[in-house]
1. Straight-line reach only, C-alpha to C-alpha below 17 angstrom: list the lysines that K549 could link to, leaving out same-chain residues fewer than 8 apart.
2. Pull out the extension gain between W259 and N207, defined as 0.36 nm times the separation in residues minus the alpha carbon to alpha carbon distance; nm, one decimal.
3. For A373 and H344, calculate 0.36 nm times their separation in residues minus their Cα-Cα distance, and state this gained length in nm to one decimal.
4. Provide the gained length on full extension for the span K283 to E160, in nm with one decimal, where the gain is 0.36 nm per separating residue minus the Cα-Cα distance.
5. Calculate for the chain the 222 nm mean residue ellipticity that helices alone would give, adding -39,500 (n - 2.57) per DSSP H run of length 4 or more and normalising by residue count, nearest 500 deg cm²/dmol.
6. Which of the trypsin sites (Lys or Arg not before Pro) found in the range 447-484 are in a DSSP loop and have at most 15 neighbouring Cβ atoms, other than their own, within 10 Å?
7. With a cut-off of 8 Å between alpha carbons and a minimum separation of six or more residues, what is the relative contact order of the range 140-234 in percent?
8. Do any chymotrypsin sites (Phe, Trp or Tyr not before Pro) in the range 101-190 lie in a DSSP loop with no more than 16 other beta carbon atoms within 10 Å, and if so, which?
Amino acid sequence: MKKLHVHFAFTLLTLGILLLGVNLTPLFDWDELNFAESAREMNLTQNYLYVQIGFEPFWEKPPFFIWMQALAERVFQSHEPWVYKLPNILAGVIAVNWVYHVGDRLGKKMLGAFWAVATLFSFAPFIYWRSGIIDPVFNLFIVLSIYQWYKITQANLREERSHLYYLLVGVFLGFAFLTKGPVALGIVGFVIIWVSAARGKWHEIFNWKILLSLFGLAAVIGLWVYPLLQSNGAQFLEEFIAYQLVLFQGQIVWHNQPWFYHIVVLFFLAFPVSILALPHLFKNQIMDRNVEVWSLFMRALFWVVLIVFSITTTKIIHYSSLCWWPLTYFGAYQVYLIHTNRWHFPKWLILPLSLSALGMGIALWILPVAALADPLPDWLWTKLDVFTKGLLSVKEPWSWTSLLPAALFTFWFFAWFILQILGRKPHAGMLFIISGVVALSSSIWLLPPVAKLLQGPLTKTIQKETQKGVFLEAWYFKTYALYFHGNFSSKDFDQLRPEFPNAQNEPYPQQSARRSHAMNANNQELTKVITKNNFNADYEFNRKFVLEKNIGGYLLWRKRPVQP
């Protein structure tokens, strides 16, 4: 089959699978709703220079991913979840085709094919290609930049011109910076230093052509920074850089986790590549000389990301998602070696593979079983906090289909495991198919009821109240559902009396820790407050607000009538 035909087939397969049922799962709070709301506000205000939330500056993120979402929203004139997930879906299509291309350039079309399947069908990557968070696009730019440096190494070996590759290193790195921030510079820089030290090729860094990389980086970042500085001044950039330092230093307490957090996350969520890749992560098990250098880049990327984000105390699941790229590569290479009969499936891998599968299976079973159990056992119910009990108290009945992902995974992996133990040697690539089918079925039958359980009552309340003209505030808990599902506009704030009013003609709106319009609103009947059900109202709050209704894990409060 011609390469063009393979790319066409992979494009259709990836698009079809990633779009299938993608709209069934709503956008999750916080991150997905955060970015979607920023894109919605960007189009509403026609302000494309910096990111906003609640029509205030959102210092944390540069705008490129939000630009992509805002463009999709304008093109399709829709606020459906799939619109905000479209950038990642398209990134998934590019990624699947690109890894096949890399395999072909390495002289291993079958390796490229296995890598493409691993990239699409490994459990966590599959879920993330169908999400509305920044990381899939950010990670793609990072790997594209690293690949250009790999091409520099190959051009130097063949004594070919490498000027374009140096330039493209900076260009892709610039787009990574515009997507998520300066962490891109550190990751790519550490990988290049690691590989240069291992190969003893420092001249590739200390070369005048590195100026081309710096030029490409500066040119792309300048697309955002220059017009921003010209029209709004430096405040946004200063606050943006300050936040990145706070993030690295781990001063965001609710994201602090132990050092081994990402190891556990990768071990279970990146099934099966997290296990298949193990023989190649610690020492060189490469059996093809023409892939040694690229494998060195992938190994360096894995350890740089894992070490850096294990050192930082601020930890979120997707911080280590960049590790999925080397994991899918080495997992695919392991399958490629087995497929070409140059290596057998290592028996010692069966134990960690079984442990990873066991963790996956338990997670897939426990959610629907707990939701379908009515009531929950007393020993479990008594251990739950007040907020969780509130969410479960208004749960809608779950369908038996929510058990399908767990049932499919248990049956297929158990069958593969038994055949492996009996020496029948089932193809290791079947693990990718098992993972992909289970991930797709989870997206269709498991994630939607989970989202409805966690967010359904809150979303319905926000939509119902704001449609009546009520101005809602969330007090003492963080949510982006309020602005997005409430369809707020900047005029909603202009019509109220803010506790922290903005000065006239400021380049940026005043940013406050919490808006307090509800405390002194002009129209008391159209102002309400939402809190979690574990909120302890003090005397001052009770004097001004009265409970209107309980909405599961949340409480809706209205203003007390003013006494004559």
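1. Qualifying lysines at Cα under 17 Å: K389, K395, K460, K464, K468, K528, K532, K559.
2. 15.0 nm
3. Values: separation 29, 0.36 × 29 = 10.44 nm, distance 4.38 nm.
Between A373 and H344, full extension yields 6.1 nm more.
4. Numbers: separation 123, 0.36 × 123 = 44.28 nm, distance 3.03 nm.
Stretched out fully, the K283 to E160 stretch lengthens by 41.2 nm.
5. Details: 25 runs with 341 residues, N = 564.
Here the helix-only value at 222 nm equals -19500 deg cm²/dmol.
6. Working: sites: K452, K460, K464, K468, K478; in loops: K468, K478.
Listed in order of number, the matching sites are K468, K478.
7. Working: 92 pairs, mean separation 33.0, N = 95.
It comes to 35 percent, rounded to a whole number.
8. Details: sites: F114, W115, F121, F123, F126, Y128, W129, F138, F141, Y147, W149, Y150, Y165, Y166, F172, F175, F177, F190; in loops: none.
The qualifying sites: there are none.
Here, each number is a calculation from the coordinates, and none is a lab measurement. All values reported here derive from a predicted model rather than from experimental measurement. Here Cβ is always computed from backbone atoms with ideal geometry, including for glycine, and neighbour counts include all displayed protein chains.
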